[in-house]
């Protein structure tokens, strides 16, 4: 007989769920957007439900265990949050700590790129599309490009390629603009 899997979040109490969020932030070792935290903890791993994760993120921020970077609204664990993890580390079930550690190890680079390389597009009044591409570091925007393309197909193509080509694009533009300035 087949049984429907029970979401892990139903087996954890509120304190443990908050510790899961703190542990994820500490293991990632760089600030994350709320959307990325929600993806990691809810849809990609089912450690928490979406609504609980949103609520606990808010509570962790209000209690100064997590802070929001002022320029880009990325979230990071505070020193108090790290101390909390150290004190209550064993309250997070071992299998969940292991899952988080393995997940972060496999996905850290992907999330770092997702955080660093932003891309979006929108339709213009004349039917063309503007693609906005941005490279961010933890504190500010390093480069922002706006490219007008003829149609949605081209906008989607640029959008899909941005993460893989952002670094090379940045280097090419920087090298071209600084050429001969040595």
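Table for the structure above
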{"read-out": "The listed residue being surrounded by 11 or more Cβ atoms within 10 Å (Cβ to Cβ), in the same structural domain as residue 37 (by TED's automatic domain parsing) and over 18 Å from the mean Cα position of the chain (by Cα), out of 100, 96", "value": "96"}
{"read-out": "Residues of the stretch 115-133 that turn out to be surrounded by 14 or more Cβ atoms within 10 Å (Cβ to Cβ) and modelled with pLDDT of 90 or more, as a count", "value": "7"}
{"read-out": "One residue from 140, 124, 136, 161 being outside the structural domain of residue 35 (by TED's automatic domain parsing), touching a helix residue (DSSP H, G or I) at 6+ places or on another chain (Cβ under 6 Å) and either more than 22 Å from residue 32 (Cβ to Cβ) or in contact (Cβ under 8 Å) with a residue 40 or more places away in the chain (or both)", "value": "136"}
{"read-out": "Enumeration of residues in the stretch 49-83 that are in contact (Cβ under 8 Å) with a residue 40 or more places away in the chain and either surrounded by 19 or more Cβ atoms within 10 Å (Cβ to Cβ) or more than 17 Å from the chain's Cα centre (by Cα) (or both)", "value": "49, 52, 56, 59, 60, 65, 66, 74, 75, 77, 81, 82"}
{"read-out": "Residue list for the stretch 29-48, restricted to those being within 15 Å of residue 79 (Cα to Cα) and surrounded by 19 or more Cβ atoms within 10 Å (Cβ to Cβ)", "value": "31"}
{"read-out": "Selection within the stretch 148-167 - outside any helix (DSSP H, G or I) and loosely packed, with under 14 Cβ neighbours inside 10 Å", "value": "148, 150, 151"}
{"read-out": "Hey, residue 176 within 27 Å of residue 44 (Cα to Cα), at pLDDT 90 or above and either exposed (fewer than 11 other Cβ atoms within 10 Å of the Cβ) or assigned by TED's automatic domain parsing to the domain that holds residue 60 (or both) or not", "value": "no"}
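The values are calculated or read from the model by the stated rules, or taken from the named source; none is laboratory data. Small disclaimer: the values here were computed from a predicted structure and weren't measured. Every residue, glycine as well, gets a Cβ built from its backbone with ideal geometry; the counts of neighbours run over all protein chains shown.
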